[in-house]
Every structure is written in structure tokens, then in C-alpha cells.
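Q: Pasting in a structure now, in C-alpha cells, and then I'll have a few things to ask.
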Amino acid sequence: MTITLRPALPSDIDALWALRTVAVRVSCATHYAPEQIDAWTASPVPASYGAMLAAGGGIVAMQDEAIAGYAMLDADKQEVDAVFVDPARAGLGIGKRLLAALEQLARQRGIVRLHLSASLNAEPFYRAAGFVALRAEAYAHPSGISLASVAMEKALAAA
């Protein structure tokens, strides 16, 4: 089983959003209430996705012909916008590879410190990757709900 990384394309948006919805339903259900998951997963693709992809901020992990996961960098905000892996492919190191590639992309763009808002279930993943928790926060999700999360950051070594 080979995992390859490639730039995300605007034509990938619907597939990426579908993967994200499954990942949230499966992976976040351990830390959030069903009504939160329902509102979270019902939200439409944010307008920012197209802009991030157009700016070259998306990376897709492919396993054979299937999208196994993806990561998004919002370079303007110096922020990891998303790292999602197909739950059926969890534990294979796909998320780690995607995050490392995203950090490399950030370095190439002169970003020296990356920020993110981690869901409670993802906080250990980011901590293991070298991100430091700054504070607990309530993330104001575009769907109108508030999600408990952890503001984190990581200083990037020079490219």
C-alpha cells in the first residue's frame, strides 16, 4: 500500500469535504455531543477552501486511486486550516505525512510560526507533532455552534 502526496485541486473540493464529513462523524464523536456533530457536519464547504486551493495551500494523500486524506494551509493567517484522514485509513501515518508536508509548504512561504485550533480529539496528534497548547478556547464554528477546542502553535525551523 503506497501513499503518495499531490497538490489539492479545485476539482477535489467535493471529495475533500465528503471525507472531512465522515472523519468528523467518526473521529470527533468521542469528544462532542451528537447535536454538535450534526450541526458541524451539515455546514457547507467554506468559501475559503477555493481560495486556499487556488493559492496552492492544499495537499492530498492518495492511496491507489482513492483520496486517503488531505491538509489545508491558510498562508494569509499562517494557520493549519485542516488535516483530515479517512477513518478507514487511520493509524497508517497519513496525517503525520500530511502535516509534515504542510509545514514544509509553510516554510517555503516564509512562515516561521504556524497556528491552529485543534478539536479535542486531535489535540494529542498535534502535540505529538510538536505543537504547543496555548489555551483552551471555544471555536466559533461557521454553522453557528461553539466547539471546545485548543489553540496551538509551533515554531518552524528554517527551510
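Q: Evaluate the charge dipole of the chain about its Cα centre and quote only its size in Debye, nearest 20, assuming +1 on the Cβ of each Lys and Arg and -1 on the Cβ of each Asp and Glu.
A: My answer is approximately 500 debye.
Q: While we're on this one: Provide the per residue accessible area, probe 1.4 Å, for the range 16-61, rounded to a whole number of square angstrom.
A: Result: 43 Å² of accessible area for each residue.
Q: Could you put GLU35, GLU103, GLU137 in order of accessible surface area, largest first, with the 1.4 Å probe and the full protein assembly present?
A: So, going from the largest accessible area down, we get GLU35, GLU137, GLU103.
Q: Please list, in chain and number order, the residues 5+ apart from LEU92 or on another chain whose amide H is under 5 Å from its amide H, with Hs placed from the backbone.
A: Close amide H contacts, sequence-distant or interchain: none at all.
Q: Considering only GLY69, GLY50, GLY95, give the residue with the highest GNM mean-square fluctuation for the chain, with springs between Cα atoms whenever their separation is below 10 Å.
A: Maximum fluctuation in the GNM of the chain, among the listed residues, is at GLY50.
Q: Same structure again: Quick check on the chain: helices-only [θ] at 222 nm, where DSSP H runs of length 4 and up contribute -39,500 (n - 2.57) each and the sum goes over total residues. Nearest 500, please.
A: Value at 222 nm, helices only, nearest 500: -10000 deg cm²/dmol.
Q: Still on this structure: For the range 1-83, what does the alpha-carbon gyration tensor say about shape, rounded, prolate or oblate, given a ≥ b ≥ c as the root eigenvalues, a/c under 1.5 as rounded, and a/b over b/c as prolate?
A: Note, shape of the range 1-83 comes out oblate.
Q: If you average the C-alpha positions of the range 9-72 and of the range 99-159 separately, how far apart do those two centres end up, in angstrom?
A: 16
Q: Follow-up question, since we're still on this one. Using +1 at the Cβ of each Lys and Arg and -1 at the Cβ of each Asp and Glu in the range 1-91, identify which of ALA75, VAL85, ALA47 lies farthest towards the dipole's positive end.
A: It is VAL85.
Q: Only Cα pairs under 8 Å and at least 6 apart count here; give the relative contact order of the chain as a rounded whole percent.
A: Over the chain, the number comes to 22 percent.
Q: Quick check for me: using +1 on Lys/Arg Cβ and -1 on Asp/Glu Cβ, what's the dipole size of the range 57-100 about its Cα centre, in debye to the nearest 20?
A: 220
The values are calculated or read from the model by the stated rules, or taken from the named source; none is laboratory data. Please read these numbers as outputs of a predicted model, since none were measured by experiment. Neighbour counts run over all protein chains shown; Cβ positions are idealised from the backbone, glycine included. These area figures cover heavy atoms from the full protein model, side chains too; ligands, DNA and RNA do not enter into them. Shrake-Rupley method; radii C 1.70, N 1.55, O 1.52, S 1.80 Å.
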